[in-house]
Every structure is written in C-alpha cells, then in structure tokens.
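One structure is given below, encoded as structure tokens.
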Amino acid sequence: MKRDHPALSVHVVSFTDATLITLSWNHLLFDTLGLQSFLQAWQAVLNNRDDEVPTFVPFEEDPIADMAANADPRDYSLYELTLTGIWFFLFILGYIYEILVHSKEATHMVCFPKEWVENLRKCAMAERLAKGLPVGEEFLSYGDVLLAFWCKTVLPAQRLRPRQPIHIHNAMNMRGLVEQLPIPDKVAYVGNAVLSCSTLTTMVDINSMSVSDLAGRIRESLTQQRAASQVKSMVAWAYNGGGRMSMSGVWNQLIVGWSNWARAKLYDVDFSLAVVKPGLPIDGRRSKIGRPSLIMSWVNANGISVRNGGALIGRDSNGDWWLGAGWTMRAEAWAAVEEALSKS
C-alpha cells in the first residue's frame, strides 16, 4: 500500500484473431465475487443498461468488522486448535524448511475434460448411496469431487510421510451466508469476504479414502462451517489475531489451498458489443463472440513461495474445467502427477 501501484489495472492487447484482457488487482481490493461485481457493472455500462449496475457498498461501511464485534471467537469449531506462540513459530519454520529442502518448484495448469468430470461426480455420489446414505444426502458438488481427486493425486506424488498432517483450506465466500453480506446481485460488496473452510486429515486417510469419501468429508466441513453462527465466530476469530494471520490445526501440517471461482461465472462474461469484427470464423470457434475462450490466474506473492494452492477457474464454453495456471509444488512431483492423470 506504500508503493505507487494501482489497486486495479486493466491492460488490453488486440490481435487479428483474438484480444487479451489482463486484470491485475491487489487482493486487498476484492476477491473473486468482488471481481464478478466489477465485471457485472462493466458489462451493464457497455450494454447501455446502467440500471443493472449493482449498488456499491461504500468503503467507509465495514459489515465484516461489525460482524466481528458482535460475535464470540470461542464459538468457532476449531478455536481450540488455534496455533499461537511457539506452535505458530514452528509452523512457519516448517514451511521454510520445505522450501529450503525442496527448493525446485514448478507451476502448471490442468484441464479436466467435461465427460471425465461428469463421470467422476456421478460415480462418487453413487458410491455414497451404495454405502447407505439417504437419497438427497449423497450430494457432492463439482468442486468437492475435484478437490478430493486433486488431493489424492498431488499429495502422494510428493512422497510425504504416512503420518503427515494435512490441512485442506477450501476458500468459502461469506456473501449470502450472513445477513450483513447479501448475494452479489443488486448490492456489490467490493472487498474480501472470504474465509477458509478447514478439513483436517492425514496422509494415511488421504491414501485410504476413496474420492467419494474424501469429497464427503470436505462437504461435511462446508456444511458445518458455512452456518451463519460459525461464519460470524470465524470472523471474530480472525480479527482476534490483531492483524497477524490466524491459523488452526497442528504445527507440522501441510496446507493445501483451494479456491473455487466457478460461482463467479467468469466464462459467461459477455463483451460482444465491444467486438468490431470476429477474429475467427463462427464455425471454428470454441466460444461465443465476445466470451472468454481461456482464463488464466496468477498470484504474485512478491517473492514468497506459495505452494500446494490454486484456483479452480470454472467451466469453459466446452464444459471442460480448468485449474488456473497457478498450482505450484515440488518440481520433482509433477512427473508422478502426469502419470496419475494419464491413468485416470
């Protein structure tokens, strides 16, 4: 914030067959649904529908701070596992050790084909029904099964010790979960309204559980922690850190960070009115005119290594799912990941 860098920048480069639009923003400005509100306003103005521009919540209003002031952090389900003092220090040392010992890292993006994803989810829910869950309670989202599959793919590839604690951080947006933050349709809260839904497990469990079992654990965590009372206590817990990162779990855990952007529907953004002429013939296009054909995400952490984390961008016009170009981990593990993907 002390540097002369814009909070948001837009860079457009046009070619004869495509246009590249680059959006760069500080995460202090907004999260993915904040970005969705910005793009919604942009499209509304472009289409001369100013009445569809969502009402902006002024920066001087802070519904999240008000939420924190009126909730008890001790009500958070993982409050007793908060890492403080020497345990938090050891957690940081462990992360540094990982970076020093496995200094080579590599970043890749991954495409999950439409038919494969549909079959993965269908089989996972069928397995839950076969294990006795009542009809209706077997539900798993696409994000649930893809996160479970990805954990079962990338973690064994890193040859972690069997008892290695794993902490799955699943980004959870507060909009629509509490009355202070409505669904971003008519009202736009342009800011960070994201918490981390935690699933605590170990490599033993990761290896022994099926995709449906692990996805079920992730779904259970979401169901519990997205309750309004839990959301408010989690906000109070985070504010209770006094500006320091709040962390729960055990000191020697490995963090897996997952952010599902599908809710923002970025592939549905429509800039067709800005198109002067089509860059490609209609018959040879993967996407509609003015719609994104590919979306890539990248995190600039100012030199800090951010491993085992990334964003599920969503479904493209073909129905394929994309894990954005920001999944970084030990370089030597990618060969095993590619082999596992080829067999799945």
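The values are calculated or read from the model by the stated rules, or taken from the named source; none is laboratory data. Not measured: the values here are computed from a predicted model. FYI the Cβ positions are ideal-geometry reconstructions off the backbone, even for glycines, and counts take in every protein chain you see.
Do we find that THR199 is outside any helix (DSSP H, G or I), of a type in the set (Val, Ile, Thr) and on the phi < 0 side of the Ramachandran plot in this structure? So THR199 passes the test.
Beta carbons closer than 8 Å, at least 6 apart along the sequence or on distinct chains, pair a first residue in the range 91-110 that is farther than 22 Å from SER297 by Cα with a second that is of a type in the set (D, E, K, R) and assigned to a helix (DSSP H, G or I) for HIS102/GLU332.
If only residues of the range 208-230 that are surrounded by fewer than 23 Cβ atoms within 10 Å (Cβ to Cβ), part of a helix (DSSP H, G or I) and aliphatic (A, V, I, L, M) are counted, the one that is farthest from the chain's Cα centre (by Cα) is ALA228.
For the residues PHE38, PHE56, PHE30, the requirement of being within 22 Å of CYS197 (Cβ to Cβ), of a type in the set (Phe, Trp, Tyr) and touching a residue at least 24 places away in the same chain (Cβ under 8 Å) singles out PHE30. Has the range 165-177 got any residue that is among the charged types (D, E, K, R) and either in a loop (DSSP other than H, G, I, E, B) or at pLDDT 95 or above (or both)? Scanning the range 165-177 turns up no residue that is among the charged types (D, E, K, R) and either in a loop (DSSP other than H, G, I, E, B) or at pLDDT 95 or above (or both). Residues of the range 255-262 include none that is touching a strand residue (DSSP E or B) at 6+ places or on another chain (Cβ under 6 Å), of a type in the set (Ser, Thr, Tyr) and farther than 24 Å from PHE59 by Cβ.
The set of residues in the range 289-318 that are within 13 Å of the chain's Cα centre (by Cα) and over 19 Å from VAL154 (Cβ atoms) contains only GLY314. State whether one or more residues within the range 132-144 are among the aliphatic types (A, V, I, L, M) and in a helix (DSSP H, G or I). There is no residue in the range 132-144 that is among the aliphatic types (A, V, I, L, M) and in a helix (DSSP H, G or I). A residue that is under 27 Å from ILE313 (Cα atoms), in a loop (DSSP other than H, G, I, E, B) and among the aromatic types (Phe, Trp, Tyr) occurs somewhere in the range 15-36.
Can you pull out the residues in the range 254-270 that are in a loop (DSSP other than H, G, I, E, B) and either among the basic types (Lys, Arg) or surrounded by fewer than 20 Cβ atoms within 10 Å (Cβ to Cβ) (or both)? Result: LYS265, VAL269, ASP270.
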